[in-house]
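Nothing in this text is a laboratory measurement; each read-out follows from the coordinates by a stated rule. Quick caveat, the model's predicted, so the values are computed rather than measured. Here the Cβ positions follow ideal geometry from the backbone for every residue, glycine too, while neighbour counts run over all protein chains shown.
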Amino acid sequence: MMDNIYLPQVGRIAGIEEETQGARAIKTFKVEFPNGDGFEHACGQCAMLSIFGRGESMISIASSPLVKDYKQFSIMKMGRVTTAFHDAQVGDLIGIRGPYGNHFPMADWKGKDLVFIGGGVGLAPIWPVIQTAVAQSSHYGKITVFYGARTSRDIMYKADFERLRGLADVQLSVDAPEQGWQGYTGFVPANLMDKAPSPDNAIAITCGPPIMIKFVIQNLQKLGFADEQIYTTIENKMKCGIGKCGRCNVGKDYVCVKGPVYSWAELKTLPQEY
Amino acid sequence: MEKILSKEKLREWVGKLDGCEVHAPAFADSVWNYAPVQTGGDIDLSHTNTVGSVKAFAFPQREVFFRFEQAKGGAPVLTATVPEPRPTVVFGVRPCDGRGMPRNDKVFSAEFKDPYYWARREKLTLVGLACNEPHSPNCFCQSVGGSPHSEEGLDVLMTDLGDRYHVKAITPKGAEAMERAGDAFNEAGAADQAEVERVHAESRQQPQRPIGDLAAIPEAIKQNFDSPVWAEMAQHCIGCGICTFLCPTCHCFDINDEATGANKGERVRTWDNCQFPDFTMHTSGHNPRHDLGARLRQRVSHKFLYFVENHKTQQCTGCGRCISECPVGIDIVAVLERVGQS
Ligand SMILES: Cc1cc2nc3c(=O)[nH]c(=O)nc-3n(C[C@H](O)[C@H](O)[C@H](O)COP(=O)(O)OP(=O)(O)OC[C@H]3O[C@@H](n4cnc5c(N)ncnc54)[C@H](O)[C@@H]3O)c2cc1C
Ligand code: FES
């Protein structure tokens, strides 16, 4: 019998962490595979998560492939499915199928400096890359992580960031002045210019709101990063995740299969349909 | 295998297909559409073309993927509903629809094989009928590399020779369907062969809509990505979606959960449509194809640029349905012509 590509596995919500609050709150879910099956993934890949009766949503796998016991997902409360996730409890059983999409070419980055630039919920797709890089830090040069949020309360993975400080150069920012804030005040692209990481033998990986990505890329170019040295991910509405339902294309590429990871050199050749 | 079947014997052939589901065009509510043929029933192959395309036999408008049942906090019970259809023989398939199927096969294969599509597809035998005359003034099969007697995608090709049909098996599946009624057929003689060739040659001379240089279209579309032509040509579009629903190669779909009771329901695939505004609209409200022009550009580019880049062939077989049935007169041939000139 052919594998049924639409039939999800059963996942169990093993932990829920509240990351940020407000209208578009974010929660991070640890998902285990109680039936023992599961799947391997690479950094940057996604999975279709579902709450039966509500539907499916494509979500980046936010944990490193080195973590085998569970997979982690950070979900922003948006509509039907994501709200159902925000209403879910530890122990709830959900649907999960994947992994989908391409991945960051980390094998090509051996010996290079890695500069990560994230904003808001846009940390999730690059978080597994950061985690994997610091766990295998001997493979890479210097690791720098820029991350900005609207306010200090909107910073994701707060506890993990504390641990990360010892392993990488962490540069946090908040958009507006705040009492007691020790990091940079201002937008992420400005913080990037302020610290001006060197493009020599380096790769920059950025993810966040489209407007942030736009200015980050402009600034990276000013710093001397070539288009081939810049990586990002893109998002389009998805239903199938496997290049059949026809909605997520940018030009000839279905983002669910050929993306979501692109170098800027590749992305700038595609039509602006994302 | 090439045979002759007198018209009175068509019924005998159909009668020998026991165990199979048989479908043929039927005229009802002033249109032709495929309908099941009762055992021993008559079939009438005097149709122009069916309004709906043959794709629905492998890719129905609604397909249940699985049923689920889950009490609050409990374990979900999932029951996959991959179909197990009887062998199905479809008569009267026009060559444009026949050519649609191998294109759909590509989509539902690739890295991920679609079990629902293939469960139906593998049981499907397509008996085509050559078009001695174009079935509509919007036919353009020859302009997109096909022909009124194309065998591509068909298992059998029948050609109407007045009082009899010339019947040619294209695939082993087609030969098998013919062998079921071996007695009903006669050998095709030299005169029959000559007659088929004459009829086919004549059919190729019938008027069709020209679209110019097919090979130049992908580049023309690329050059015109930001052209105002799309918005101009799409301005009357009401987003009804009939162009894609009737298309033999449009395959876009939606997936939704539908409740069937308390704590239970079905995950369902339904046809979707790139001309609908919410097809690509993110939950945030951002929509990469936010206007009619962008959506028309997508429909045309998918068929004449992206599919060509990915699969080396057009995703259009020239049936003309999207032109004939569009309530506001949007005409893909005219769009290609405009884009080619811009
Ligand atoms: C590659 C990729 C990675 C993503 N990673 C994350 C992540 O890590 N965390 C996160 O919170 N969100 C992520 N998203 C966005 C997330 O998929 C949507 O916010 C979510 O599907 C909205 O679903 P809903 O049911 O809550 O909204 P509704 O509007 O009620 O649902 C509509 C349906 O449309 C589809 N849909 C709507 N908007 C989007 C969108 N922007 N992207 C994809 N499908 C959409 C979904 O199938 C959804 O079920 C990602 C999207 C993509 C494409
Ligand atoms: S999500 Fe269906 S084609 Fe990409």
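Over 18 Å between Cα atoms: which of A:K110/A:K142; A:K252/B:K222; A:K30/A:K158; A:K77/A:K214; A:K258/B:K222; A:K252/B:K55 fall into that group? Show your work: numbers first, answer last.
Values: A:K110/A:K142 11 Å; A:K252/B:K222 11 Å; A:K30/A:K158 16 Å; A:K77/A:K214 24 Å; A:K258/B:K222 20 Å; A:K252/B:K55 23 Å.
Beyond 18 Å: A:K77/A:K214; A:K258/B:K222; A:K252/B:K55.
Of all the options A:K252, A:K77, A:K30, the one that moves most in a Gaussian network model of chain A with Cα springs shorter than 10 angstrom is A:K252. Taking amide H positions as modeled 1.01 Å from N, with prolines and chain starts lacking one, the residues under 5 Å from A:N249 and 5 or more places away or on another chain are A:V255.
About its Cα centre, what dipole magnitude does the range A:106-233 give when the only charges are +1 on Lys and Arg Cβ and -1 on Asp and Glu Cβ, stated in debye to the nearest 20?
On the way: 11 positive and 12 negative charges, 28 e Å.
So the magnitude is around 140 debye.
If you take every residue apart from A:K142 with its C-beta less than 15 Å away from the C-beta of A:K142, what net charge results, scoring Lys and Arg +1 and Asp and Glu -1? Taking every other residue near A:K142 into account, the sum is +1.
Mind checking the alpha-carbon convex hull of chain A and giving the volume per residue in Å³? Don't jump to the answer; show the numbers that get you there.
Values: hull volume 37.1 nm³, N = 274.
Cα-based convex hull of chain A, divided per residue, equals 135 Å³.
How high is the relative contact order of chain A? Use alpha-carbon pairs under 8 Å, at least six apart in sequence, and give a whole percent. Over chain A, the number comes to 17 percent.
In the neighborhood of B:Q61, defined by Cβ-to-Cβ distances under 12 Å, what is the net charge if each Lys or Arg adds +1 and each Asp or Glu adds -1?
Details: positive: B:K55, B:R62, B:R269; negative: B:E63, B:D254, B:D272.
Every neighbour counted, the sum reads 0.
Distance between the C-alpha centres of the range B:148-216 and the range B:43-60: 17 Å, rounded to the whole angstrom.
With the contact rule set at Cα under 8 Å and sequence spacing of 6 or more, what percent relative contact order holds for the range B:214-341? Intermediate results must be reported in sequence, preceding the final value.
Numbers: 153 pairs, mean separation 43.7, N = 128.
Taking the mean separation of contacting Cα pairs over the length of the range B:214-341, I get 34 percent.
With r as the distance between the Cβ atoms of B:Q341 and B:E309 and R0 = 22 Å, compute the FRET efficiency 1/(1 + (r/R0)^6) and round to 0.05. Before the final figure, lay out each step's value.
Details: r = 22 Å, r/R0 = 1.01.
So the FRET efficiency works out to roughly 0.50.
Checking the Cα-Cα distances for B:K113/B:K168; A:K239/B:K72; B:K3/B:K312 against a 27 Å cut-off, the pairs over it are B:K113/B:K168; B:K3/B:K312. With the convex hull drawn around the C-alpha atoms of chain B, the volume per residue stands at 162 Å³.
Restricted to Cα atoms, the range A:9-100 shows a radius of gyration and a Dmax of 12.0, 36 angstrom.
Which value, in debye to the nearest 20, describes the size of the charge dipole of the protein assembly as shown about its Cα centre when Lys and Arg Cβ atoms bear +1, Asp and Glu Cβ atoms bear -1, and nothing else is charged?
Values: 65 positive and 72 negative charges, 244 e Å.
Computed about the Cα centre, the dipole is about 1180 debye.
Couplings 3J(HN,Hα) for the range A:84-92, derived from phi with the Karplus relation 6.51 cos²θ - 1.76 cosθ + 1.60 (θ = phi - 60°), are 4, 5, 5, 8, 6, 10, 4, x, 5 Hz, where x marks Gly and Pro. Between A:G11 and A:I94, A:G95, A:I96, the built amide H atoms are under 5 Å apart, and every one of these is 5 or more places off in sequence or on another chain. A simple spin-label model places the labels of B:A80 and B:E179 3.1 nm from each other, with each point 7 Å out along Cα-to-Cβ.
Ratio of Rg to Rh for the protein assembly as shown, alpha carbon only, Kirkwood? Walk me through the numbers on the way to the answer.
Details: Rg = 28.2 Å, Rh = 27.0 Å.
In the protein assembly as shown, Rg relative to Rh is 1.04.
Working note: Karplus 6.51/-1.76/1.60 with θ = phi - 60° gives the range A:262-274 the couplings 9, 7, 5, 4, 6, 5, 6, 8, 8, x, 6, 10, 8 Hz, where Gly and Pro are set to x.
Annotation: extensible slack from A:Q21 through A:V67 equals 13.9 nm (criterion: 0.36 nm per residue apart, minus Cα-Cα distance).
At an R0 of 60 angstrom, the distance between the Cβ atoms of B:N186 and A:D3 translates into a FRET efficiency of 0.80. The 3J(HN,Hα) values that the Karplus relation (6.51, -1.76, 1.60; θ = phi - 60°) gives for the range B:126-133 are, in residue order, 9, 9, x, 10, 4, 9, 5, 10 Hz. Gly and Pro appear as x.
Taken as Cα centroids, the range A:106-181 and the range B:226-293 sit 38 Å apart, rounded to the nearest whole angstrom.
Under the rule of -39500 (n - 2.57) per DSSP H run of 4 or more residues, summed and divided by the residues of chain A, what mean residue ellipticity at 222 nm is obtained, to the nearest 500 deg cm²/dmol? It would help to have the intermediate numbers written out before the result.
Values: 7 runs with 52 residues, N = 274.
After summing the helix terms and dividing by residue count, I get -5000 deg cm²/dmol.
Amide H contacts for A:T20 (H built 1.01 Å from N in the peptide plane; partners 5 or more residues away or on another chain; cut-off under 5 Å): A:I26. When the Cα convex hull of the range B:214-341 is projected onto planes of every orientation, the mean area is 9.5 nm².
Name all residues of the range B:41-74 having a backbone nitrogen under 15 Å from the label point set 7 Å from the Cα of B:E258 along its Cα→Cβ direction, giving them as ranges. Within reach of a label on B:E258: B:60-68.
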